[in-house]
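What follows is a single structure, written as structure tokens, with notes after it.
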Amino acid sequence: MSTEPLETLDCLGQRCPLPVIALARRFPSIPVGAVIRVLADDPAAAVDIPAWCRMRAQQYLGGVSVDGSPAYDVRRVS
Amino acid sequence: MSAAYFDAATAAPLHPVAREALLAALDDGWADPGKLYTQARRARRLLDAARAAVAEVLGVRPDEVAFTASGTAAVHAAVLGGLAGRRRAGTTLVRSAIEHSAVLHAGQRHVSAGGAEVEVPVDLLGRADLDAWRAAVAAPGTALACLISASHEVGTVQPVAEAAAACAATGVPLLVDAAVSLGRVPVPGGWQLLTGSARKWGGPAGVGLLVLRKGTRWVSPYPADDRETGRAVGAPDLPAIVAAAASLHAAHTESAAEAARLSALVERVRATVAATVPDVEIVGDPVDRLPHVVTFSCLYVDGEALLTALDRRGFAVSSGSACTSSTLVPSHVLAAMGVLTHGNVRLSLHRGTTAAQVDRFLAELPGIVADLRAEVGL
């Protein structure tokens, strides 16, 4: 299964909980099995995006660095 | 609408016994207890009685108890002095990931001075990983280990007895930061250093406890001072110390009944919030927890907005969310657990907390959270 993101949300400069809200808003529109990437430099995103995945039973694939900015990949599994 | 104060884990309202003792000691305890005249001897008797009262509650000898200028000062002295006393054994500080920031800051000072630090992780409920703890304290060069008695942010009780046994097996002294537990729940033994803070149990601010069991190697991190047998600097605030000791004794006496009453209220909060607020995560151990602390996080809610809305409705609570901290960094405790850090609320109850206050909070919370979510379109 591809781990390449189908879509990237640019939440750079946004404070918590805005990156998680953006992820939750966009999530229903991506197909099951696809990966969505959230670019977020708020330090809370590093904890809150994996926590959101756990609460929503979605798959957290981990954090990556994109052009020096932190990013988080999530796969829709249901 | 009567105001409800739910932030006792920061500072509990003054216990009536503390107020009474404080006022009496203001008249009798202003002289320097170290001097050799009548007024000083009166002050010395008050200080000795306060020390004896604290020692009795803690089950230690009076000469093992020192009063410091705050809980934070006690922690700094315990960490840095405990490390200095063990310099020949090593330079590594072992601590859990969920210690109070006072421990973290003392550790940073130690590391910046060339020392080392090992952080022991916690699980999703906020309990220190005992296998990691055992490995860390068994490693060569470990000078001191530090464990909070229970999480001050999420209430999870820590495995102090097991941690102490691991320390005893390897000869590493254990510091227990018991600020959140003293006067409320028993703290297991087996430690060599213990710290506390009077304002957490209903005493005045400005009084900390530094307890060093006999034989503990400890070297003051401060310039020499002969007050408190060299364990604290500066003239002690004797009236506040007298009030702190009297209120610790009173809180300790009431603690079994109060713990049962408050624990039932916390259980009501845990069950009701989970049932009435959608997308909420109740954090911390549901069973092995402090009787008076409950923490939850509301998905998609800004923590600062939630605190402000609650304050407007007369509820004083604390939060570990980044937006409520001066540094805009989320609580290191919530982060170490891996639980949601935004929309976070901590309620910490006290002897003045009533069921009616808790019920009003539970009745108003779902609407407040729903309004905040509606503002962001969720």
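Number of residues in the range A:9-32 that are part of a helix (DSSP H, G or I) and over 14 Å from A:Arg75 (Cβ atoms): the value is 9.
Among the residues of the range A:67-74, is there at least one that is in contact with an Asp or Glu (Cβ under 8 Å, 6 or more places away or on another chain), assigned to a strand (DSSP E or B) and either over 17 Å from B:Val280 (Cα atoms) or open to solvent by less than 40 Å² (accessible area, probe 1.4 Å) (or both)?
Within the range A:67-74, one or more residues are in contact with an Asp or Glu (Cβ under 8 Å, 6 or more places away or on another chain), assigned to a strand (DSSP E or B) and either over 17 Å from B:Val280 (Cα atoms) or open to solvent by less than 40 Å² (accessible area, probe 1.4 Å) (or both).
For (1) of a type outside the set (Gly, Ala, Ser); (2) farther than 26 Å from A:Pro43 by Cα; (3) modelled with pLDDT of 95 or more, each residue gets a yes or a no:
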residue	(1), (2), (3)
B:Gly284	no, no, yes
B:Thr295	yes, no, yes
B:Tyr300	yes, no, yes
B:Leu306	yes, no, yes
B:Cys323	yes, no, no
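Among the numbered conditions (1) within 14 Å of chain A (Cβ to nearest Cβ); (2) open to solvent by less than 10 Å² (accessible area, probe 1.4 Å); (3) touching a residue at least 40 places away in the same chain (Cβ under 8 Å), the only one that B:Ser321 does not meet is (3).
For the range B:64-84, the criterion of a residue being farther than 19 Å from B:Ser149 by Cβ, open to solvent by 20 Å² or more (accessible area, probe 1.4 Å), in the same structural domain as B:Gly208 (by TED's automatic domain parsing) and more than 26 Å from the chain's Cα centre (by Cα) is satisfied by no position. Applying the set (1) under 19 Å from B:Ala106 (Cβ atoms); (2) in a helix (DSSP H, G or I) to B:Arg134 leaves exactly one unmet item: (1).
Filtering the range B:125-161 to residues that are exposed (fewer than 15 other Cβ atoms within 10 Å of the Cβ) and either acidic (Asp, Glu) or closer than 26 Å to B:Pro330 by Cβ (or both) leaves only B:Asp131. Would it be correct to say that B:Gly59 is under 29 Å from B:Val294 (Cα atoms) and touching a residue at least 12 places away in the same chain (Cβ under 8 Å)? Yes, satisfied. Among the candidates B:Val94, B:Val60, single out the residue that is in a strand (DSSP E or B) and over 18 Å from the mean Cα position of the chain (by Cα). Result of the check over B:Val94, B:Val60: B:Val94.
Count of the range A:39-59 residues, restricted to those that are of a type outside the set (Asp, Glu), open to solvent by 10 Å² or more (accessible area, probe 1.4 Å) and more than 10 Å from every other protein chain (Cβ to nearest Cβ), is 4. The set of residues from the range B:166-186 being closer than 15 Å to B:Ala102 by Cβ and part of a helix (DSSP H, G or I) is empty.
Taken residue by residue, the range B:194-201 has at least one member that is of a type outside the set (D, E, K, R), assigned to a loop (DSSP other than H, G, I, E, B) and touching a residue at least 60 places away in the same chain (Cβ under 8 Å).
Checked against (1) within 14 Å of another protein chain (Cβ to nearest Cβ); (2) under 20 Å from the mean Cα position of the chain (by Cα); (3) surrounded by fewer than 24 Cβ atoms within 10 Å (Cβ to Cβ); (4) not aromatic (Phe, Trp, Tyr), B:Met337 meets all criteria but (3). Examine the range A:46-61 for a residue that is touching a Leu at 6+ places or on another chain (Cβ under 7 Å), of a type in the set (D, E, K, R) and farther than 21 Å from B:Leu378 by Cβ, and state whether such a residue exists. No; the residues of the range A:46-61 include none that is touching a Leu at 6+ places or on another chain (Cβ under 7 Å), of a type in the set (D, E, K, R) and farther than 21 Å from B:Leu378 by Cβ. Looking across the range B:343-358 at every residue that is open to solvent by less than 30 Å² (accessible area, probe 1.4 Å) and in contact with a strand residue (DSSP E or B) (Cβ under 7 Å, 6 or more places away or on another chain), the one that is farthest from the other protein chains (Cβ to nearest Cβ) is identified as B:Ser348.
Note on the range A:2-38: residues that are within 14 Å of chain B (Cβ to nearest Cβ), open to solvent by less than 70 Å² (accessible area, probe 1.4 Å) and out of contact with any helix residue (DSSP H, G or I) (no Cβ under 6 Å at 6 or more places or on another chain) amount to 8. Within the range B:281-312, the set of residues being open to solvent by 30 Å² or more (accessible area, probe 1.4 Å), β-branched (Val, Ile, Thr) and touching a strand residue (DSSP E or B) at 6+ places or on another chain (Cβ under 7 Å) comprises just one member, B:Ile282.
Please tell me if B:Pro140 is within 25 Å of B:Ala260 (Cβ to Cβ) and not charged (D, E, K, R).
no
The values are calculated or read from the model by the stated rules, or taken from the named source; none is laboratory data. What you are looking at is a predicted structure, and each value in this text was computed from that prediction instead of being measured. Note: ideal-geometry Cβ built from the backbone for every residue, glycine included; neighbour counts use all protein chains shown. What goes into the accessible areas is simple: the full protein's heavy atoms, side chains included, and nothing from ligands, DNA or RNA. Shrake-Rupley method; radii C 1.70, N 1.55, O 1.52, S 1.80 Å.
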